[in-house]
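S.K.: Below: one structure in structure tokens.
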Amino acid sequence: MNPADPSMAPAATPVPIHDIAGPVWFWPYPLWMTIAMAVFALLVLGALALLAKKLLSRKAPPPTNRQRTLAELEKLRAGAAGADPYAFGVAVSDTIRNYIQREHGLGATTQTSIEFLEIIRSNAVFTQNEKEGLEAFLGRTDLLKFARSSAGGEELLDLLDIAARLVRGEAQSAKPQGPA
């Protein structure tokens, strides 16, 4: 036997062929648990989306009657400097009368100042201080509207201050006159 002769080499033993193995599950959790967690995550995300939509679409509450009236008075304040006293008196008077009618249900817009003051004289809705403030306010606006009295910018602003105090329910006090 010659070791260099290839025909004389021992026959190689064949390697056994194994069947192909099925897929190897590499995820550490069972399939049912993975599906349950995915459904739970989708539910949480959906709930958060609905909550966010609800919070973002929430509108601010409508302004109160008092807030609307004070805003109207501030608009009038912006134009008080060069305003016509008659038109300004009508606008301020209408603003306060509408406020009183909406807030207290009194017919302030359909009555004269004298009729209105007579009705509130015996009405407990207003304090004595508010009644006096209303009387002073209506007297000044009537002078502007019916007597067509002239008024400067400072007097118109003072009238607006009285109106704003009436709306806020603050005490009416005489405006201090210059230094004594």
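Bear in mind that the values in this text are calculations on the coordinates, not laboratory data. Computed from a predicted structure; not experimentally measured. Cβ coordinates were reconstructed from backbone atoms using ideal geometry, including for glycine residues, and neighbour counts include every protein chain displayed.
S.K.: Skipping prolines and chain starts, which residues have an amide H placed within reach, meaning under 5 Å, of the one on residue 149, given they are 5 or more residues away or on another chain?
M.R.: Counting only residues 5 or more places away or on other chains, the set is 144.
S.K.: Sticking with this structure for a sec: Could you put 146, 126 in order, starting from the residue whose Cβ has the fewest other Cβ atoms within 10 Å?
M.R.: Working: 146 12, 126 18.
Ascending number of Cβ neighbours within 10 Å: 146, 126.
S.K.: While we're looking at this one, here's another question. Rounded to the nearest 0.05, what FRET efficiency do residue 26 and residue 57 give with R0 = 45 Å and r taken as the Cβ-Cβ distance? Could you check? If you can, show how the numbers build up before the last one.
M.R.: On the way: r = 44 Å, r/R0 = 0.98.
Using R0 = 45 Å, I get an efficiency of 0.55.
S.K.: Please find, in a Gaussian network model of the chain (springs between Cα atoms separated by less than 10 Å), the residue of 21, 164, 147 whose mean-square fluctuation is greatest.
M.R.: 21
S.K.: Mind checking which of 46, 79, 133 has the largest fluctuation in a GNM of the chain, springs on alpha carbons under 10 Å?
M.R.: Ranking 46, 79, 133 by mean-square fluctuation puts 46 first.
S.K.: Moving on to the next point. With a 10 Å Cβ neighbour count serving as the proxy for reagent exposure, in which order, fewest first, do 17, 114, 96 appear? Write down the numbers at each step before the final one.
M.R.: Numbers: 17 6, 114 10, 96 24.
The order, fewest Cβ neighbours first, is 17, 114, 96.
S.K.: Follow-up question, since we're still on this one. Count charges around residue 149 for me, please; just the other residues with Cβ under 11 Å from its Cβ, Lys/Arg as +1, Asp/Glu as -1.
M.R.: Numbers: positive: 140, 145, 148; negative: 142, 155.
Taking every Cβ under 11 Å from that of residue 149, the sum is +1.
S.K.: When 1/r is averaged over all different Cα pairs and the result inverted, which Kirkwood radius in Å belongs to the chain?
M.R.: Numbers: mean 1/r = 0.0428 Å⁻¹.
After inverting the mean inverse Cα-Cα distance, the result is 23.4 Å.
S.K.: In whole Hz, with x marking every Gly and Pro, tabulate ³J(HN,Hα) for segment 64-78 from phi via Karplus 6.51 cos²θ - 1.76 cosθ + 1.60, θ = phi - 60°.
M.R.: Those phi angles translate into 6, 4, 5, 5, 4, 5, 5, 5, 4, 5, 5, 4, 5, 4, 5 Hz.
S.K.: Select from 43, 156, 73 the residue whose mean-square fluctuation is largest in a Gaussian network model of the chain (Cα-Cα springs shorter than 10 Å).
M.R.: 43
S.K.: Still on this structure, I have one more. Using the number of other C-beta atoms within 10 angstrom as an exposure proxy, rank 53, 145 with the fewest first. All intermediate terms of the calculation are to be shown ahead of the outcome.
M.R.: On the way: 53 10, 145 20.
Least to most surrounded, the residues fall as 53, 145.
S.K.: Between segment 19-40 and segment 117-150, what is the separation of their alpha carbon centroids in Å?
M.R.: 83 Å
S.K.: Here's something else I'd like to know. Rounded to the nearest 0.05, what FRET efficiency do residue 94 and residue 124 have when you use their Cβ-Cβ distance and R0 = 30 Å? Write down the numbers at each step before the final one.
M.R.: On the way: r = 25 Å, r/R0 = 0.85.
Here the calculated transfer efficiency is 0.75.
S.K.: Lysine pairs in the chain 8 or more apart or on different chains: how many have alpha carbons under 24 angstrom apart? Walk me through the intermediate numbers first.
M.R.: Numbers: 59/75; 75/145; 75/175; 131/145; 131/175; 145/175.
So the count works out to 6.
S.K.: Over all directions, how big on average is the projection of the convex hull of the alpha-carbon atoms in segment 85-168, in square nanometres?
M.R.: Values: hull surface 19.7 nm².
Orientation-averaged projected area of the Cα hull: 4.9 nm².
S.K.: Hey, another quick one. Quick one: dipole size for the chain, taken about the Cα centre, charges +1 on Lys/Arg Cβ and -1 on Asp/Glu Cβ, in debye to the nearest 20. Please report the intermediate quantities before stating the final value.
M.R.: On the way: 18 positive and 18 negative charges, 61 e Å.
So the dipole magnitude of the chain works out to roughly 300 debye.
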